[in-house]
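The values are calculated or read from the model by the stated rules, or taken from the named source; none is laboratory data. Here the structure is a predicted model, which is why all the values come from computation and not from measurement. Counting neighbours? That spans all protein chains shown, and the Cβs are built from the backbone with ideal geometry, glycine included.
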Amino acid sequence: MHDVGFDPLVAEWFTARFAAPTPPQQAGWGAIAAGRDALIAAPTGSGKTLAAFLWAIDELVRHARSGWLDDRTHVVYVSPLKALGNDIHRNLEEPLAEIRARALAAGHALPPIRVAVRSGDTPPSERQAMTKHRRTSSSPRPSRSTSCSPPRRAAAPSPTRAR
């Protein structure tokens, strides 16, 4: 887990929450850490969504810790509507809240990382509000295919990771 280079807060959260990475996570993280595109094909419940989300969470946490987290959308996740609520709650909201709690407990002032969900049923007034108060992470209208693209590593050097 530590050899792929997650931020210590993210790595500690994962280690405290799970016994070990699943094989799909290990395979996916190796490719993502090397800067390659990754398609993680595995059965439901194998951790493939968290494998991709954790890299996005890691990047958001690194930016938040360094003060470089812009108030804009950083992650877009497209998912079938049936899986959307569970994916967002279990693989994004829970990890973000738990990592922030760990950071605060360790004395790190980690600003909140916001999440917004938008579907075809989102009323126009809510859509308009989303553009006025930008979110850090958002989920657009669901589609028939599932795709999660974590952001590429930022061009600005991160103070916590050697390049």
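Find all pairs meeting these conditions: Cβ atoms under 8 angstrom apart; at least six residues apart or on different chains; first residue within the stretch 5-17 and assigned to a helix (DSSP H, G or I); second residue among the polar types (S, T, N, Q).
From the stretch 5-17, the pairs are Pro8/Thr160.
Considering only residues that are surrounded by fewer than 13 Cβ atoms within 10 Å (Cβ to Cβ) and at pLDDT below 85, which ones fall in the stretch 90-125?
Result: Pro112, Gly120, Asp121.
Quick one: in the stretch 39-80, of everything that is of a type in the set (D, E, K, R) and outside any helix (DSSP H, G or I), which residue is surrounded by the most Cβ atoms within 10 Å (Cβ to Cβ)? Break it down into steps so the answer makes sense when it comes.
Going residue by residue through the stretch 39-80, those that are of a type in the set (D, E, K, R) are 48, 58-59, 62, 65, 70-72.
Of the ones still in play, those that are also outside any helix (DSSP H, G or I) are 70-72.
Values: Asp70: 9, Asp71: 11, Arg72: 9.
My answer is Asp71.
Quick check on my filter: what residues within the stretch 25-58 are of a type in the set (D, E, K, R) and either in contact with a strand residue (DSSP E or B) (Cβ under 8 Å, 6 or more places away or on another chain) or more than 18 Å from Glu94 (Cβ to Cβ) (or both)?
Once the filter is applied, which keeps residues that are of a type in the set (D, E, K, R) and either in contact with a strand residue (DSSP E or B) (Cβ under 8 Å, 6 or more places away or on another chain) or more than 18 Å from Glu94 (Cβ to Cβ) (or both), the stretch 25-58 yields Arg36, Asp37.
From Ile88, Ile32, grab the single residue that is in contact (Cβ under 8 Å) with a residue 12 or more places away in the chain, within 24 Å of Val117 (Cα to Cα) and not basic (Lys, Arg).
Only one candidate qualifies: Ile88.
Where residues in the stretch 126-143 are out of contact with any helix residue (DSSP H, G or I) (no Cβ under 7 Å at 6 or more places or on another chain) and assigned to a loop (DSSP other than H, G, I, E, B), which of them is modelled with the highest pLDDT?
His133
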